[in-house]
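This is the structure, below, for whatever I ask next.
The values are calculated or read from the model by the stated rules, or taken from the named source; none is laboratory data. Small disclaimer: the values here were computed from a predicted structure and weren't measured. For neighbour counting, all protein chains shown are included, and Cβ atoms are generated from backbone atoms with ideal geometry for every residue, glycine included.
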Amino acid sequence: MGDKMQYIFWSIVFIFLWMYILYPLFLIGLSKIKKNRQVKEDIIENDNDLPRVSMIICAHNEEKVIEDKIRNLLKSDYPKDKLEIIIASDNSTDNTNEIVKRYSNKGIILYEAQERKGRANVQNEAFKTSKGDIIAFSDANSMWDEKALRILVSNFKNKSVAYVTGKLVYVNDVENVTSYSESLYWKFDLLLRKLESKIHSITAGNGAIYAVKREYFREIDILYSHDFEFPNLMVSLGKRSIFDERAKVFEKAGENTNDEFNRKVRMFSRAWHKIINHFNIFSPFKMGLTYSLFMISHRLFRYASGLLHFILLVMNIFLAKQNIYLMLLVPHLFIYLLAIVGHVTNSKRKIVYIPYYYFVFQYATFLGFFKAITGNVKPFWQKAESTR
């Protein structure tokens, strides 16, 4: 029994070392020796060479930001005669629809879902009304750089590419420790995406900014999300999903822990729902060896990290009769203590808040897993007010 516990303990330690240190180093090394598959396409400057695009913005009760979003899109340098803008209202009950209607003379189209069934459903419905060769998606509170759409679309000159996402940049009027912690996490994730895209394909997109070729769009289960579903779907279809950091979108990070926690629980529960029902997204036989390794390292291990942390702590406590494990248990518990102090005192000092935020993230992965296995995944999303 003791040998098995030690094997489990060191296996989990290796998983964390791999996930946070060795995997990024592996990607850096592989990107140096493997042929660079992502040669960034030149931006298409001639409007006549651009395809028709449908931009779909999902919104539910977004009266605070929807007008700013519409004005942002109207400033895009994409030719107006080739851009269809659809605001897909998921049965909004505030003034969202009325605000959108005021811009009908500017070519803004309002699609109203008759029943609220969540983001994926309203995307499925709005797609059926669209006419573009390229379908782009964004959130109501995400503001695009005026050249972002042109940059995304230019990547489709490469026939192997079916999906492109851009770079989300967090912008907060006053940076607090919550937005700082989320920004640290996001910068690390963007590094991995950049390397994965350079070598093969990304493992997840971003709902704030992405585009897909019309012929590869698929309606998805309303409990799934495009962010996780589409990138690996394109790979399974023999195409690539890439990240282009030149296409920028700006958004506020959540400014309180509850907002970020609830957002992540929703995200992880949907991801786990997908994993439980379609574990073959990690299969090298379906996805190829390289991409399968990306999916396991970047997605499966990360989404399982909360559960792995719990098992690691339990194993460490049981093995603490041996000196080496007792020595490891002391710093192990000290990190948890810092997180607890951060929670109890609500201190914003980074020495306690960052460990606290880290374990909030881990708990969100655990709770997302629990919701998925108990069938408690909902299609709706509650917007984080601090991001508006």
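For the stretch 45-61, enumerate the residues that are within 15 Å of Glu146 (Cβ to Cβ) and surrounded by 17 or more Cβ atoms within 10 Å (Cβ to Cβ).
Across the stretch 45-61, the qualifying residues are Leu50, Val53, Met55.
Could you figure out which of (1) modelled with pLDDT under 95; (2) in contact with a strand residue (DSSP E or B) (Cβ under 6 Å, 6 or more places away or on another chain); (3) of a type outside the set (A, V, I, L, M, F, W, C) isn't true of Lys117?
(2)
Just the residues that are of a type outside the set (Phe, Trp, Tyr) and within 11 Å of the chain's Cα centre (by Cα), please, taken from the stretch 203-255.
Across the stretch 203-255, the qualifying residues are Thr203, Ala204, Gly205, Asn206, Gly207, Ala208, Ile209, Ser225, His226, Asp227, Glu229, Pro231.
Report whether or not Leu326 is in a helix (DSSP H, G or I) and within 22 Å of Ile21 (Cα to Cα).
It is false that Leu326 is in a helix (DSSP H, G or I) and within 22 Å of Ile21 (Cα to Cα).
Output the residue which, of all residues in the stretch 108-118 that are farther than 20 Å from Lys75 by Cβ and without any contact (Cβ under 8 Å) to a residue 60 or more places away in the chain, is surrounded by the most Cβ atoms within 10 Å (Cβ to Cβ). Give the derivation first.
To start, the set of residues in the stretch 108-118 that are farther than 20 Å from Lys75 by Cβ comprises 111-118.
Checking the rest, the ones that are also without any contact (Cβ under 8 Å) to a residue 60 or more places away in the chain come to 111-115.
Working: Tyr111: 21, Glu112: 16, Ala113: 19, Gln114: 7, Glu115: 8.
Among those that are farther than 20 Å from Lys75 by Cβ and without any contact (Cβ under 8 Å) to a residue 60 or more places away in the chain, it is Tyr111.
Can you tell me which residue within the stretch 62-107, out of those that are more than 29 Å from Arg270 (Cβ to Cβ) and of a type in the set (A, V, I, L, M), is surrounded by the most Cβ atoms within 10 Å (Cβ to Cβ)?
This residue is Leu83.
In the stretch 143-164, what count of residues is obtained for those that are of a type in the set (S, T, N, Q) and crowded, with 21+ Cβ neighbours inside 10 Å?
The total comes to 2.
Going through Phe250, Phe228, Phe243, Phe282 one at a time, which residue ends up being surrounded by fewer than 20 Cβ atoms within 10 Å (Cβ to Cβ), under 23 Å from Leu27 (Cα atoms) and among the aromatic types (Phe, Trp, Tyr)?
Just a single option satisfies the conditions, and that option is Phe282.
In the list Ser225, Ser297, Ser241, Ser269, which residue meets the criterion of being in contact with a strand residue (DSSP E or B) (Cβ under 8 Å, 6 or more places away or on another chain) and either on the phi > 0 side of the Ramachandran plot or hydroxyl-bearing (Ser, Thr, Tyr) (or both)?
On the way: Ser225 fails: in contact with a strand residue (DSSP E or B) (Cβ under 8 Å, 6 or more places away or on another chain); Ser297 fails: in contact with a strand residue (DSSP E or B) (Cβ under 8 Å, 6 or more places away or on another chain); Ser269 fails: in contact with a strand residue (DSSP E or B) (Cβ under 8 Å, 6 or more places away or on another chain).
Only one candidate passes the filter, namely Ser241.
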